[in-house]
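The values are calculated or read from the model by the stated rules, or taken from the named source; none is laboratory data. Since we're looking at a predicted model, the values are computed, not measured. Neighbour counts run over all protein chains shown; Cβ positions are idealised from the backbone, glycine included.
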């Protein structure tokens with residue numbers, strides 16, 4: 001043990017850095033110097049970088065949600081106030 005070892009501070013203690021300041025690491029919760037951290041992709045400041053998940057880069061494509069065919073609803077036919085259902089298939093039969 002040297003005579004200067006009592007003046008050397010461990011890394012977890014406060015030490016002076018010109019123009020620097022202390023902050024709490026967002027991921028680990030440790031006290032670190034702000035100059036050792038970087039801004040991560042999720043807005044957190046940390047000394048350790050974290051890779052983004054591969055699913056973050058996937059892009060969806062719009063689905064084609066349509067029916068293969070459709071028809072318009074036929075109009076209701078009334079004769080003398082009574083409903084008459086007609087067969088629009090062209091056979092000419094009617095029901096009352």
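Observations, loosely collected:
- Residue check for residue 67: modelled with pLDDT of 90 or more and either exposed (fewer than 10 other Cβ atoms within 10 Å of the Cβ) or out of contact with any strand residue (DSSP E or B) (no Cβ under 6 Å at 6 or more places or on another chain) (or both): no
- Filter result for residue 20 (in contact with a helix residue (DSSP H, G or I) (Cβ under 6 Å, 6 or more places away or on another chain) and not in a strand (DSSP E or B)): yes
- Selection status of residue 23, in contact with a strand residue (DSSP E or B) (Cβ under 7 Å, 6 or more places away or on another chain) and without any contact (Cβ under 8 Å) to a residue 60 or more places away in the chain: yes
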